Amino acid sequence: MTAASASSSFGPFVARHLGPRESDIAEMLRVLGYRSLDALIDAVVPAGIRLRQPLGLPAARTEQESLAALRAMADRNQVFRSCLGLGYHDCHVPGVIQRNVLENPGWYTAYTPYQPEIAQGRLEALLNFQTMVSDLTGLEIANASLLDEGTAAAEAMALSLGAAPQHDDPVYVVDRRCHPQTIAVVTTRAEARGVKVVVTDTAAHDYGPGVAGCLIQYPDTFGAIADHRQVVDRVHAVKGLVTVATDLLALALLVPPGEWGADIAVGNSQRFGVPLGFGGPHAAFLATRDAHKRLIPGRLIGVSKDREGHLALRMALQTREQHIRREKATSNVCTAQVLLAVMASMYAVYHGPEGIRAIAAQVHQRTRRLAAALKAGGFRLASEAFFDTLVVETDAAKAAGIHEAARTRRINLRAVSPTQIGVALDETVSEHDLADLLGAFSLQPSAVSNQPPAPSIPTALKRTSPFLTHPVFNSYRSETEMLRYIRRLEARDLSLTAAMIPLGSCTMKLNATAEMVPVSWPGFGGIHPFAPREQTEGYRRLFDDLEAWLAEITGFSRVSLQPNAGSQGEFAGLLVIRSYHRARGEAHRTVCLIPQSAHGTNPASAVMAGMKVVVVKTDPKGNIDLADLRAQAEANANNLAALMVTYPSTHGVFEDGIAEVCAIVHKHGGQVYMDGANMNAQVGLTRPGDIGADVCHLNLHKTFCIPHGGGGPGMGPIGVAAHLAPYLPGHPLAESPATASGAVSSGPWGSPSILPISWAYIAMMGPDGLTEATRYAILNANYVAKRLEGHYQTLYSGHAGLIAHECILDCRPFKGSAGVEVEDVAKRLIDYSFHPPTVSFPVAGTLMVEPTESESKEELDRFCDAMIAIREEIREVEQGVAARGDNLLFHAPHTLRLVTADAWTRPYPRERAAFPTPATRIHKVWPTVGRIDGAYGDRNLVCVCPPVEEYEAVSGEQ
Amino acid sequence: MANVPDDLRYTADHEYVKTTPEPGVFLIGVTDYAQGELGDVVYLNLPKTGDHFDAHQVFGTIEAVKAVSDLYCPIAGTVVAVNAGLDADPAAVNRAPYDDGWMIRLKADDPASLEGLLTAAAYRTQIGA
């Protein structure tokens, strides 16, 4: 179709999702010198890989139709009261947090806080999260969240292996009373890197040399509380580390692991005000001792100062991460679960220490009364020491009857064994619920009332130490104050609600309201991950649709929704490849070829999957060097496992040789893993499966509209060709059979409650609309590149100087010509009220711009005008009009405090600093701090809330 | 312009070897050029006294705000001391790479192996100084 005909054949939502209007297209094409959008796309995407038929997807639905269809699915999920436990507990999401964080685009459309000057709000919320975790676990330092409890435990194992003395055959001991899904995920990870896992009774185990550490659950999966101090001593005696998987609410009453000698604590913060969501997303946590701070995986928020000496927060110790360390990284985890960590931290801010203690005490008290009533009724309990979870011993016939009676009361109990019933309580359990529960055990409701409960927490394990003592947890008790606190933090951050976020490789497209609305429906949010199948028919339908649609879009046979992030998708995909080779008797195939230009996560994931990384060169144009690929593939032909390749490349180009790349790898017995980070440039135009890939992960939070949440959640499902389908991840608690690849996430389907977003996007765009989005993304990127031509050099391009969906602007020459670093250009863009593009990835000294299809021509022009104006500011330095090291760029960004101060010593006017364009006079997001001194913070690492006086210096700026 | 003292020996990986009054014992660190390229150094992961390294073996890592690099042992030998001051003051590597910024004292297996390293002139040529 031609550009002029766009829209009428599409669903009405398509025009809402796309930025440019039909009337803009002609002008944009004129600038680019193309007659039609078709002609542009033909010139960009190599003909040999073009998809020649329309995607086989249902026709576009309207927003109303999509919402109605999702409502019908939600209604087919039955929201039972959950007493299943297993690390997931229902909770009350405070309305002020649900509406102003979870449902607020000011929070959910922000990106990972790479630009701290315009991210102080969520950085503060994350510092609160770290402080909360640190306080409750009794350990010095906590990270800014991980994907789920299972992967957090696996990361703790990796940390232990890094910190313990190195052994040739390391052993990791896991207590058999850990949650089964945690044991499964840890086992998968351990097996991949050649670590032997022993699942046993840690209290009785004989710890020999070679033990890198052990994992204990406290309280355990059956609810029992035990004193593990002796285990700690014995593990420490062989220089191993003790990790404790734990429950933050229980720790309000129990002596925290850090006080009885544990080295690491992990867990899930879900019950701090985050819906169950059939398994996620939730924010898991990891805390440890100061000694291990440099081995902590994931993101860590730290306190530093800005150039004026004011307190300022930013991500600390970034050099540990995969994008710098590659195969030597501590972990492949890139993202966190920021939105959920923010919610959990706000729950603690709102309730405070007394509130949290009161909630814990109430849950515990009701559990004690339930226990007393059950015992009075003749039932035996597996443990007399518990917090909120009981295991009731009975016989098989009675147990079946109790489960049945509970079901008729719409309560789910855990079938621990045919004769053991697990009952886990939470803050939502009312007196009425308690009576219902007793009814299920054929006891009278009155049995509960007058029993004097016996003590159930051993005296030696009763918490006496304070927690959440920082003023931030003791200041916002009224809803008015809480509302203002949340809004105050939100206002410090630049999200998509204010301006385009042109972050290359991140795809900050529209997160439409109609996609987001179902996320907070109880029919999706109120379901426990291990609820019985018959209660989750709506979710099954959602999964079936989404798996089928994603398979069609990628050209693959099967899709697994289990991986919780792109990095987990990479790991899972490589495990699938490894299992395939093993099943064919080729276990020795462990060499993974990775191009120089690959994202750093690729080599980190390959190492985690037990593979050996061999780097393939890229040519001066940024493409894979085919001659080197051939040579490496031949040299490693006997041991070749896989090639990991990103398409379009990380340089934003559709490489012509991609089909040949795949053929070379296949010829030498390898499998092709396609990194789907740039899938948004392929949808509808070509498909990984058709190009020759065998596995591909998809970032649903990029291509398929799940918002970035300020740095998570994400979802990283993988698609595979038919021959790999038998090796997709399995899960011990799902009906799907166990597979050779094992489980990679705590939940069988990763984070289900955000999958309606991607479902709605595909449903409302339809096959033609999805393709049109890809075409517009390519158009927008090329338009930006063209408009900046002559001002900035664009690195790497394909045919006719065209790029795919993102472009790399070279800022390296300015260092010599004006003493201006790429960082200066990025920070100056903040003064223009923009979020800077990706800095120094994939090439140091450059900016990578990805406008996405959702930005309008006006916004693209505003951005290009800003970039051009900044180029002129650089020219002033080049020409000696402005001084090197004392100019608009060097001092950027400019805070309101600075430009309104009585003293002004800069050699340029305040107005140019603060309001460089007319648009900034109308609306502007101010940086709340000046340029941050990263080195100061990394040398003086502080990762908990600093004393309040230091904050006030910053708040004074508001 | 990076400072390349004449009386030191160098590696292509930007480590230097400095003689001490004690025969066969040398100070090892990274060059002024290297610290300039790395930027603000924030952390050093250094070996323990008594550790032995072969030539070209990694003996530690150096972390700056934006980059992390391995440190390669220029010659084979045993670590006889580690600069504990760098723990609290990693910036010494930026401030005084050849003095307070030294990293390890190494007792060489074979003091003559020093001759295989770059001279100041050769190192200057390599970095284009």
Inside the stretch A:168-194, the number of residues satisfying the requirement of being in a loop (DSSP other than H, G, I, E, B) and touching a strand residue (DSSP E or B) at 6+ places or on another chain (Cβ under 7 Å) is 6
Is it true that A:GLU308 is at pLDDT 95 or above, charged (D, E, K, R) and surrounded by fewer than 18 Cβ atoms within 10 Å (Cβ to Cβ)? no
Can you tell me which residue among A:ALA69, A:ALA59, A:ALA43 is small (Gly, Ala, Ser) and assigned to a loop (DSSP other than H, G, I, E, B)? A:ALA59
Which of (1) away from chain B (no Cβ under 14 Å); (2) assigned to a loop (DSSP other than H, G, I, E, B); (3) surrounded by fewer than 21 Cβ atoms within 10 Å (Cβ to Cβ) does A:ALA844 not meet, given it meets every other one? (1)
Taking interchain pairs and intrachain pairs at least six residues apart, which have beta carbon atoms under 7 angstrom, with the first residue in the stretch B:80-107 and within 14 Å of chain A (Cβ to nearest Cβ) and the second among the aromatic types (Phe, Trp, Tyr) and not in a helix (DSSP H, G or I)? B:PRO90/B:TYR43
Name every residue in the stretch A:873-908 that is under 13 Å from A:SER817 (Cβ atoms) and hydrophobic (A, V, I, L, M, F, W, C), in order of residue number. A:ILE874, A:VAL877, A:ALA882, A:LEU889
Qualifying position, being within 20 Å of the chain's Cα centre (by Cα), among the β-branched types (Val, Ile, Thr) and surrounded by 24 or more Cβ atoms within 10 Å (Cβ to Cβ), among A:ILE778, A:ILE754: A:ILE754
Condition first: closer than 30 Å to A:GLU65 by Cβ and among the charged types (D, E, K, R). Can you find one or more residues in the stretch A:783-798 that meet it? no
Given the residues B:PRO74, B:PRO5, which is the only one that is under 21 Å from B:LEU114 (Cβ atoms), at pLDDT 95 or above, more than 14 Å from every other protein chain (Cβ to nearest Cβ) and surrounded by fewer than 22 Cβ atoms within 10 Å (Cβ to Cβ)? B:PRO5
Determine, yes or no, whether A:ILE664 is farther than 30 Å from A:VAL519 by Cα, aliphatic (A, V, I, L, M) and either in contact (Cβ under 8 Å) with a residue 40 or more places away in the chain or assigned to a helix (DSSP H, G or I) (or both). yes
Right, A:ARG122: at pLDDT 95 or above, of a type in the set (Lys, Arg), surrounded by fewer than 24 Cβ atoms within 10 Å (Cβ to Cβ) and part of a helix (DSSP H, G or I) or not? no
Can you confirm whether A:SER383 is assigned to a loop (DSSP other than H, G, I, E, B) and surrounded by fewer than 22 Cβ atoms within 10 Å (Cβ to Cβ)? yes
Note down all Cβ pairs under 8 Å where the first residue falls in the stretch A:826-854 and is within 27 Å of A:ASP24 (Cα to Cα), the second is of a type in the set (Lys, Arg) and assigned to a loop (DSSP other than H, G, I, E, B), and they're at least six residues apart or on different chains. A:SER833/A:LYS924; A:THR852/A:LYS509; A:GLU853/A:LYS509; A:SER854/A:LYS509
Which residues, counting only those in the stretch A:722-746, are over 17 Å from A:LEU86 (Cβ atoms), under 23 Å from the mean Cα position of the chain (by Cα) and in contact (Cβ under 8 Å) with a residue 40 or more places away in the chain? A:LEU728, A:PRO729, A:SER741, A:GLY742, A:VAL744
Of a type in the set (D, E, K, R), touching a strand residue (DSSP E or B) at 6+ places or on another chain (Cβ under 6 Å) and loosely packed, with under 15 Cβ neighbours inside 10 Å: which single residue out of A:GLU872, A:GLU950 fits that description? A:GLU950
Take B:ASP51 and decide whether it is over 23 Å from A:ASP938 (Cα atoms), in contact (Cβ under 8 Å) with a residue 24 or more places away in the chain and within 14 Å of chain A (Cβ to nearest Cβ). yes
Of residues in the stretch A:107-119 being under 13 Å from A:GLY711 (Cβ atoms) and of a type outside the set (Phe, Trp, Tyr), the one surrounded by the fewest Cβ atoms within 10 Å (Cβ to Cβ): A:THR112
Output the residues belonging to the stretch A:170-196 that are more than 27 Å from the chain's Cα centre (by Cα) and over 20 Å from A:LEU249 (Cα atoms). A:PRO170, A:VAL171, A:VAL173, A:ASP175, A:ARG176, A:LYS196
Note: among A:TYR114, A:TYR88, just one is in contact (Cβ under 8 Å) with a residue 40 or more places away in the chain, within 30 Å of A:ALA763 (Cβ to Cβ), assigned to a loop (DSSP other than H, G, I, E, B) and not hydrophobic (A, V, I, L, M, F, W, C), namely A:TYR88
Among the residues listed as A:ARG492, A:ARG533, A:ARG484, A:ARG488, the single one being free of Cβ contacts under 8 Å to residues at least 40 places away in the same chain and either more than 30 Å from A:GLY692 (Cα to Cα) or of a type in the set (Val, Ile, Thr) (or both): A:ARG484
So which residues in the stretch A:50-93 are among the hydroxyl-bearing types (Ser, Thr, Tyr) and in contact with a Ser or Thr (Cβ under 8 Å, 6 or more places away or on another chain)? A:TYR88
Given the residues A:LEU51, A:LEU127, A:LEU136, which is the only one that is surrounded by fewer than 20 Cβ atoms within 10 Å (Cβ to Cβ), over 25 Å from A:TRP749 (Cα atoms) and touching a residue at least 12 places away in the same chain (Cβ under 8 Å)? A:LEU51
Is it fair to say A:LYS239 is at positive phi and either crowded, with 24+ Cβ neighbours inside 10 Å or modelled with pLDDT of 95 or more (or both)? yes
Can you go through A:GLU308, A:GLU321, A:GLU327, A:GLU384 and tell me which one is under 22 Å from A:PRO256 (Cα atoms) and not hydroxyl-bearing (Ser, Thr, Tyr)? A:GLU384
Can you tell which of B:GLY85, B:GLY50, B:GLY60, B:GLY116 is exposed (fewer than 13 other Cβ atoms within 10 Å of the Cβ) and closer than 23 Å to A:LYS293 by Cβ? B:GLY85
Residue list for the stretch B:8-42, restricted to those being crowded, with 22+ Cβ neighbours inside 10 Å and within 14 Å of chain A (Cβ to nearest Cβ): B:GLN35, B:VAL41, B:VAL42
Among (1) under 18 Å from B:GLN35 (Cβ atoms); (2) not in a helix (DSSP H, G or I) - the single one B:ARG124 does not satisfy: (2)
Residue hits (the stretch A:661-670; buried (at least 16 other Cβ atoms within 10 Å of the Cβ) and either under 13 Å from A:PRO688 (Cα atoms) or charged (D, E, K, R) (or both)) are A:VAL661, A:CYS662
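The values are calculated or read from the model by the stated rules, or taken from the named source; none is laboratory data. Bear in mind the structure is a predicted one, so any value in this text is a computation, not a measurement. Counting neighbours? That spans all protein chains shown, and the Cβs are built from the backbone with ideal geometry, glycine included.
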